[in-house]
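Got a structure for you, written out below as structure tokens; questions coming shortly.
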Amino acid sequence: MALASATVRSGRHGPPGNRTGKRTGDRGAGTWFLVLPALIPILVLSVGPLLYGIALAFTDAQSGRTRSTRWTGTLNFQDLLHDGLFWESFRIGLVWAVGVTVPQFVLALGLALLLNENLRMRWPARALAIIPWAMPEVVVGIMWRLVYNPDAGILNETIRDLGLGDGRDWLTGLATALPAVILVGVWSGMPQTTVALLAGLQNTPHELHEAAALDGAGAWRRFRTVTWPAIRPVALSITALNFIWNFNSFALVYVLTNGGPGGRTRLPMLFAYEEAFRYGQFGYAAAMGCVMVAVISVILAGYLAGRLRGGDDR
């Protein structure tokens, strides 16, 4: 009779293993249902255009409604290998990215250390420090064009008032255009780096600094042994992101110089834009985009490998 009761209970409710599997399956289906609203826009607005651009790179697509598109294989990539203008823009892009990212980080670190101190008026200073970050790149470009104006710009006016010369046209000079644009890039991107580093500094336990000070450690030694190890993961992350953002810059340089003078500030994104929308070579421009995506992917892979090897994720 006990066996019959056990059989009835087993038949009524089913085996415990099956119930657990059913609940797990229901949770998995529910999770996918919750993820779909976020996943669909990513697939439509990011993954879809990326795949379309990669496919376009293997065609001879050009502007014009009557032009037919043919599959050309790797012809666009073969042409890129011999395109000196593209590789020159690639070199300029690397110089721009490094020239903006490194000073950006150094200045932002100094500003973050200053804003982390218990100084008077530090809260208004923190608010003022992020103003360039809140401004659109087009507005920043227009504003700095006024600053660099050769006739009435504040920079040349200051040089004249100090008796240092008559000033110059900073954005059209072959020797000064790229440094002038790099300065604007550093100014406009420094706030986001400052905010990230400041957040890392504020998460550093104050007791560690006090213990190091009691042991007789000076300011530099406390920074090297306490502060830097605490903010190192944040510093590596924001530096890698800044390099990627700077290498892919478009709007700021487009407004300031439009790639001139003589291509001295023509970044890879500007070169691809001109090939696509000025000359109508969509397939060739898509191949340039694929090369840039590949370079960024290699940089990201190296960064992630370094973090996993160094144990920064712990």
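The values are calculated or read from the model by the stated rules, or taken from the named source; none is laboratory data. A quick note: this is a predicted structure, and the numbers were derived from the prediction, not measured. Cβ: placed from backbone, ideal geometry, glycine included. Neighbour counts: every protein chain shown. Ligands, DNA and RNA are excluded from the accessible area calculation, which covers all protein heavy atoms including side chains. Shrake-Rupley method; radii C 1.70, N 1.55, O 1.52, S 1.80 Å.
Which condition from (1) under 30 Å from Ala230 (Cα atoms); (2) in contact (Cβ under 8 Å) with a residue 60 or more places away in the chain is the one that Thr204 breaks?
Failing condition for Thr204: (2).
Then there is this: Only one of Leu174, Leu197 is open to solvent by 20 Å² or more (accessible area, probe 1.4 Å) and either part of a helix (DSSP H, G or I) or out of contact with any Phe, Trp or Tyr (no Cβ under 8 Å at 6 or more places or on another chain) (or both); which?
Selected residue: Leu174, the only one of Leu174, Leu197 that is open to solvent by 20 Å² or more (accessible area, probe 1.4 Å) and either part of a helix (DSSP H, G or I) or out of contact with any Phe, Trp or Tyr (no Cβ under 8 Å at 6 or more places or on another chain) (or both).
Follow-up question, since we're still on this one. Kindly indicate which of Leu208, Leu146, Leu183, Leu164 is assigned to a helix (DSSP H, G or I), at pLDDT below 90 and open to solvent by 80 Å² or more (accessible area, probe 1.4 Å).
Going through Leu208, Leu146, Leu183, Leu164 in turn, just one is assigned to a helix (DSSP H, G or I), at pLDDT below 90 and open to solvent by 80 Å² or more (accessible area, probe 1.4 Å): Leu208.
So which of Pro229, Pro191, Pro233 ends up being out of contact with any Lys or Arg (no Cβ under 7 Å at 6 or more places or on another chain) and open to solvent by 60 Å² or more (accessible area, probe 1.4 Å)? First the steps, then the outcome.
Working: Pro191 fails: open to solvent by 60 Å² or more (accessible area, probe 1.4 Å); Pro233 fails: open to solvent by 60 Å² or more (accessible area, probe 1.4 Å).
Selected residue: Pro229, the only one of Pro229, Pro191, Pro233 that is out of contact with any Lys or Arg (no Cβ under 7 Å at 6 or more places or on another chain) and open to solvent by 60 Å² or more (accessible area, probe 1.4 Å).
Which numbered condition in (1) crowded, with 18+ Cβ neighbours inside 10 Å; (2) within 30 Å of Asn156 (Cα to Cα) is the only one that Gly283 fails?
Answer for Gly283: the failing condition is (2).
Turning to a different aspect of this structure: When you scan segment 265-283, do you find a residue that is β-branched (Val, Ile, Thr) and part of a helix (DSSP H, G or I), even just one?
no
Which residue is farthest from Leu267 (Cα to Cα), if the candidates are limited to segment 238-256 and must be among the small types (Gly, Ala, Ser) and either buried (at least 18 other Cβ atoms within 10 Å of the Cβ) or free of Cβ contacts under 8 Å to residues at least 60 places away in the same chain (or both)?
So the residue we want is Ala240.
Filter segment 95-135 down to residues that are of a type outside the set (S, T, N, Q) and loosely packed, with under 12 Cβ neighbours inside 10 Å, then give me how many there are.
10
Tell me, which helices (runs of 4 or more DSSP H) wholly within segment 1-85 include 1 or more residues that are farther than 30 Å from Leu267 by Cα and modelled with pLDDT under 85?
2-13, 16-42
May I ask you to list the residues in segment 149-161 that are assigned to a loop (DSSP other than H, G, I, E, B) and open to solvent by 60 Å² or more (accessible area, probe 1.4 Å)?
Asp151, Ala152
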